[in-house]
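Below is one structure, written out as structure tokens; the observations come after it.
The values are calculated or read from the model by the stated rules, or taken from the named source; none is laboratory data. Please read all numbers here as calculations on a predicted model, not as lab measurements. When we count neighbours, we look across all protein chains shown, and the Cβ atoms used for this are built from the backbone with ideal geometry, even at glycine.
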Amino acid sequence: MPSVRMGVQLIERDTSEVICLSDVLLGLARHQRGDWGECTAEERLANDKALDRPLEIRSRHKDRRGHIFHIITAADRTMTNVLAVQLQK
């Protein structure tokens, strides 16, 4: 089973006001295990390839109210951000 080094984990303030924290924690655990959530087959393949390369890893999840959020681990694995989709610019 793959494991993603995630570094510092950050939840954007606006995201934490929209997404339930327990759902974020579940999403982070899934992301770390290599479960990419709601990603497409192409995105899953790209993430699988990125596991042992210096490339960004992204997963997409839904909280219990149906809000979608992304979890993005930096290519250098020093940081992972959680962002609600509707809040991204």
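Among the residues of segment 1-18, those identified as over 13 Å from the mean Cα position of the chain (by Cα) and farther than 22 Å from Asn47 by Cα are Arg13, Asp14, Ser16, Glu17, Val18.
Of all residues in segment 1-20, those that are buried (at least 16 other Cβ atoms within 10 Å of the Cβ), modelled with pLDDT under 95, farther than 15 Å from Ile68 by Cβ and among the polar types (S, T, N, Q) total 0. Pairing each residue of segment 15-26 that is within 11 Å of Val82 (Cα to Cα) with any residue that is of a type in the set (S, T, N, Q) and assigned to a helix (DSSP H, G or I), provided the two are 6+ apart or on different chains, yields C-beta distances under 8 Å for Val24/Thr15; Val24/Ser16.
Looking across segment 51-63, the residues that are out of contact with any helix residue (DSSP H, G or I) (no Cβ under 6 Å at 6 or more places or on another chain) and charged (D, E, K, R) come down to Asp52, Arg53, Glu56, Arg58, Arg60, Lys62.
Just so you know, in segment 70-89 the residues that are more than 20 Å from Arg44 (Cβ to Cβ) and modelled with pLDDT under 95 include one that is nearest to the chain's Cα centre (by Cα), and it is Ala84.
Here's the yes/no breakdown for (1) in contact with a strand residue (DSSP E or B) (Cβ under 8 Å, 6 or more places away or on another chain); (2) not polar (S, T, N, Q):
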| site | (1), (2) |
| --- | --- |
| Val18 | yes, yes |
| Ala29 | no, yes |
| Ala50 | yes, yes |
| Ser59 | yes, no |
| Arg65 | no, yes |
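Considering only residues that are touching a Gly at 6+ places or on another chain (Cβ under 8 Å) and closer than 12 Å to Val4 by Cα, look in segment 21-56 and name the one that is surrounded by the most Cβ atoms within 10 Å (Cβ to Cβ). Checked segment 21-56; the qualifying residue surrounded by the most Cβ atoms within 10 Å (Cβ to Cβ) is His31. The set of residues in segment 1-57 being of a type in the set (A, V, I, L, M, F, W, C), in contact with a His (Cβ under 7 Å, 6 or more places away or on another chain) and either part of a helix (DSSP H, G or I) or more than 19 Å from Met79 (Cβ to Cβ) (or both) consists of Val18 alone.
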